[in-house]
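Asker: Below you will find the structure I want to go over with you.
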Amino acid sequence: MEQRLRRRVRILLGIVICGLVLSGVTAFPLESELRWLTEALEIGDAPSPADGPLDSWLRTVRDALIDTNARYRFLAYGTDWLAFAHLGIAVFFVGPLVDPPRNIWVIVAGLIACVGVVLLALIAGAIRGIPFFWRLIDCSFGLFCAIPLTLAWHWTRQLERIRPR
């Protein structure tokens, strides 16, 4: 029973760690990624009557990144720090990966951060003029991360009852 619970918790935390690392690594080449994505979706340089809200938004973001990086390259340093933060946060989850009951506080902190993601997306996104559909996509990161963390927390609590600290 104990080994099965530990394995479940480790799998879930592995998913969270992989998600954080993937989010971090993909925050470095944003301009290139948006160029590739808009090419793959056949979103041209000029607006088209067939464009949906996603097409318009992705074109706007791509063009803003191209313009900003051409004129003010140093601003990309902010997203470099965002990427690093994701990688740094992932490191914290190594503790509960090794010893879940002893490091359950990291799982709880992760759950609190998931709530913060939703709040930030809804509040700051509105202030910054981010379209509502995109804010919902951003909220989904907090919601989807909360699922494995909630299960990991639940099973870690069961581990604590089997073998108290």
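Asker: Any residue in the stretch 102-127 that is over 20 Å from Ala90 (Cα atoms) sitting within a Cβ distance under 7 Å of a residue that is among the hydrophobic types (A, V, I, L, M, F, W, C)? List the pairs, counting only those 6 or more apart or interchain.
Answerer: Pairs that qualify, where the first residue is over 20 Å from Ala90 (Cα atoms) and the partner is among the hydrophobic types (A, V, I, L, M, F, W, C), are Ala121/Cys139; Leu122/Cys139.
Asker: Continuing with this model, one more query. Output the residues belonging to the stretch 17-31 that are part of a helix (DSSP H, G or I) and under 16 Å from Phe84 (Cα atoms).
Answerer: Passing the criteria: Ile17, Cys18, Gly19, Leu20, Val21, Leu22, Ser23, Gly24, Val25, Thr26, Leu30.
Asker: Right, here's the next one. Out of all the residues in the stretch 124-165, which are more than 24 Å from Arg6 (Cα to Cα) and in a loop (DSSP other than H, G, I, E, B)?
Answerer: Passing the criteria: Arg128, Gly129, Ile130, Pro131.
Asker: Do you know which residues across the stretch 32-54 are in contact (Cβ under 8 Å) with a residue 40 or more places away in the chain and either touching a strand residue (DSSP E or B) at 6+ places or on another chain (Cβ under 6 Å) or not aliphatic (A, V, I, L, M) (or both)?
Answerer: Of everything in the stretch 32-54, just one residue is in contact (Cβ under 8 Å) with a residue 40 or more places away in the chain and either touching a strand residue (DSSP E or B) at 6+ places or on another chain (Cβ under 6 Å) or not aliphatic (A, V, I, L, M) (or both), namely Pro53.
Asker: So, of the residues in the stretch 112-159 that are more than 12 Å from the chain's Cα centre (by Cα) and among the charged types (D, E, K, R), which turns out to be surrounded by the most Cβ atoms within 10 Å (Cβ to Cβ)?
Answerer: Per the criteria, the residue is Arg135.
Asker: Restricting to the stretch 46-77, give me the number of residues that are surrounded by 14 or more Cβ atoms within 10 Å (Cβ to Cβ) and in a loop (DSSP other than H, G, I, E, B).
Answerer: 1
Asker: Also, quick follow-up: In the stretch 66-101, how many are free of Cβ contacts under 8 Å to residues at least 40 places away in the same chain and under 25 Å from Leu143 (Cα atoms)?
Answerer: 8
Asker: Quick one: which residue in Leu12, Leu34 is at pLDDT 95 or above, of a type in the set (A, V, I, L, M, F, W, C) and either closer than 18 Å to Asp138 by Cα or not in a helix (DSSP H, G or I) (or both)?
Answerer: Step by step, each of Leu12, Leu34 is checked, and only Leu34 is at pLDDT 95 or above, of a type in the set (A, V, I, L, M, F, W, C) and either closer than 18 Å to Asp138 by Cα or not in a helix (DSSP H, G or I) (or both).
Asker: So which residues in the stretch 1-22 are out of contact with any Leu (no Cβ under 9 Å at 6 or more places or on another chain) and either in contact (Cβ under 8 Å) with a residue 24 or more places away in the chain or within 17 Å of Asp99 (Cβ to Cβ) (or both), if there are any at all?
Answerer: Correct list: Met1, Gln3, Arg4, Arg7, Ile11, Ile15, Gly19.
The values are calculated or read from the model by the stated rules, or taken from the named source; none is laboratory data. Only a predicted model underlies this, so the values are computations on that prediction, with no experimental measurement involved. Quick reminder, even Gly has a Cβ in these numbers, built from the backbone with ideal geometry, and neighbours come from all protein chains shown.
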